[in-house]
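The structure under discussion appears below in the form of structure tokens.
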Amino acid sequence: MTKEADEVPELSESEQAKIRAEVRYALIAAREARPPEAPAAPRGRLAQVLDFLSNGFVLLLVGSLITSVLVPDFQRRYDNRKQQVALMQDCLAQFLLYSNTLWQEYYAVLPLTQRVEIDEDVYLQYVSRIAEIKLRRYDAYAKVVALSVVFQDDATAAATPTVDKALKDYAIRLNIVSASIDRWLTGLYCTPTTRSHSPCAQFDPTFDAFDEHAKIKAQAVEIGNRGTDDVAAMIVRRINQQ
């Protein structure tokens, strides 16, 4: 093979320019033939908010707000509610102690139902015993009233009876029964049955110890059972609402 056969003939300037023009034309045609790209769809507000919240600085601010403001506020509300429930429970316990003094007073004089009259020594002995019960009652009631303040924020006070009012009504009814016991004891002492005269300046000649005590029993059962249950149930409902 000769040297002339191995050599590749060079293109002329005009031929090279023609090839370059054809390549440029082919590129332009290919670009024009490609469909235009669709514009990016606008992002929704939620996506924008999520992008904003995912920012590290924003997360730092939100975390600081939660730990410095929201968490202490929730803790304070929880502690206040817990303390309020504890006070309500104490009020219920004191009320039950207060209501129990009625039965203490009732059963204190029960042995005297077997008597038709009593002398001065027995009378003074039972008066002293009942006085001690009354003092415990007054102490328990004072604690109940002090603790009942926790119920005075009742938002339904205009529509339903309040605990404070129920306690006052209960106390009035209980004191009525207690006063009946006092009168019964005095009648047993002052009304002569086997004695020739009464030790008291005045007495009720129609006094009957058995009948009067039966009336006291009915009053004590009504207020000591049903009345106590009604007030206690009201307090428990308020506790469960917390």
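Values as computed for the structure displayed
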read-out: Scope region 83-127; condition hydroxyl-bearing (Ser, Thr, Tyr) and either open to solvent by 60 Å² or more (accessible area, probe 1.4 Å) or not in a helix (DSSP H, G or I) (or both); matching residues; value: Tyr107
read-out: Positions within region 210-221 being closer than 15 Å to Leu112 by Cα, among the aliphatic types (A, V, I, L, M) and either more than 54 Å from the chain's Cα centre (by Cα) or open to solvent by less than 40 Å² (accessible area, probe 1.4 Å) (or both), in sequence order; value: Ile216
read-out: Test: residue in region 149-161 that is open to solvent by less than 80 Å² (accessible area, probe 1.4 Å), modelled with pLDDT under 95 and either among the charged types (D, E, K, R) or in contact with a Phe, Trp or Tyr (Cβ under 8 Å, 6 or more places away or on another chain) (or both); value: yes
read-out: Test: residue in region 179-194 that is under 27 Å from the mean Cα position of the chain (by Cα), of a type in the set (S, T, N, Q) and open to solvent by less than 60 Å² (accessible area, probe 1.4 Å); value: no
read-out: Among the candidates Phe207, Phe203, residue that is in contact with a helix residue (DSSP H, G or I) (Cβ under 9 Å, 6 or more places away or on another chain), over 30 Å from Ala146 (Cα atoms) and open to solvent by 90 Å² or more (accessible area, probe 1.4 Å); value: Phe203
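Each row is one residue, and each column tells you yes or no for (1) within 28 Å of Met88 (Cα to Cα); (2) without any contact (Cβ under 8 Å) to a residue 40 or more places away in the chain; (3) touching a His at 6+ places or on another chain (Cβ under 8 Å).
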| residue | (1), (2), (3) |
| --- | --- |
| Val150 | yes, no, no |
| Leu185 | no, no, no |
| Asp204 | no, yes, no |
| Ala209 | no, no, no |
| Lys215 | no, yes, no |
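The values are calculated or read from the model by the stated rules, or taken from the named source; none is laboratory data. Values in this document were obtained by computation on a predicted structure and should not be read as measured data. Glycine also receives a Cβ, built like all others from the backbone with ideal geometry; neighbour counts cover every protein chain displayed. Accessible surface areas use protein heavy atoms only, side chains included; no ligands, DNA or RNA. Shrake-Rupley method; radii C 1.70, N 1.55, O 1.52, S 1.80 Å.
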